[in-house]
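Peer 1: First, the structure itself, so that you have it in front of you.
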Amino acid sequence: MAPFQPAKKCVDVSVGESVRILRELQELSQIQLAGLTGIAQATIASIENDEEELDVARAKVLARALRCHPAVLVFPGWDIAAESAA
C-alpha cells in the first residue's frame, strides 16, 4: 500500500462559501438553517455572501447545526502543514 499523501488544495474558499457549501451538502435551505440556529435568514445570507463577518459565537452555533468544528467555518483555507513549517 502506498504511503498516505494529503490531497492538494485546488481552490480557496471564503468563510461565507464554507458555510454555504456545508449547508448545501446537508441539503438545508437558509430558512431551515435559520430555524436550527436562531440566526435570521437574512444574516445567514449576508454571511454566505461575505457581506457580514462570522464571529466566534455565531460560528459555534452554525457549526453545531452543520455538524462540524467551528474552525472549519472560521478558517476554511488554513493550511496546517504550512503553519507547522513556520
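Peer 1: Take the residues in the stretch 43-86 that are in contact with an Asp or Glu (Cβ under 8 Å, 6 or more places away or on another chain) and at pLDDT below 85; name whichever of them is nearest to Val15 (Cα to Cα).
Peer 2: Pro76
Peer 1: Keeping to the stretch 16-27, report how many residues are touching a helix residue (DSSP H, G or I) at 6+ places or on another chain (Cβ under 9 Å) and within 20 Å of Glu51 (Cβ to Cβ).
Peer 2: 7
Peer 1: Now for a different question. State all residues of the stretch 18-53 that are aliphatic (A, V, I, L, M) and surrounded by 20 or more Cβ atoms within 10 Å (Cβ to Cβ); if no residue qualifies, say none. Show your work before the answer.
Peer 2: Our first condition is that a residue be aliphatic (A, V, I, L, M); within the stretch 18-53, this holds for 19, 21-22, 25, 28, 31, 33-34, 36, 39-40, 42, 44-45, 47.
Scanning the stretch 18-53 gives Val19, Leu22, Leu33, Ile44, Ile47.
Peer 1: Quick one: Thr37 ticks every box in (1) out of contact with any helix residue (DSSP H, G or I) (no Cβ under 6 Å at 6 or more places or on another chain); (2) modelled with pLDDT of 95 or more bar one, so which box is it?
Peer 2: The failed condition is (1).
Peer 1: Under 6 Å by Cβ, and 6 or more places apart or on different chains, what pairs join a residue from the stretch 15-33 that is under 13 Å from Arg67 (Cα atoms) with one that is of a type in the set (Lys, Arg)?
Peer 2: Partner pairs satisfying both residue conditions: Leu33/Arg23.
The values are calculated or read from the model by the stated rules, or taken from the named source; none is laboratory data. Quick caveat, the model's predicted, so the values are computed rather than measured. Every residue, glycine as well, gets a Cβ built from its backbone with ideal geometry; the counts of neighbours run over all protein chains shown.
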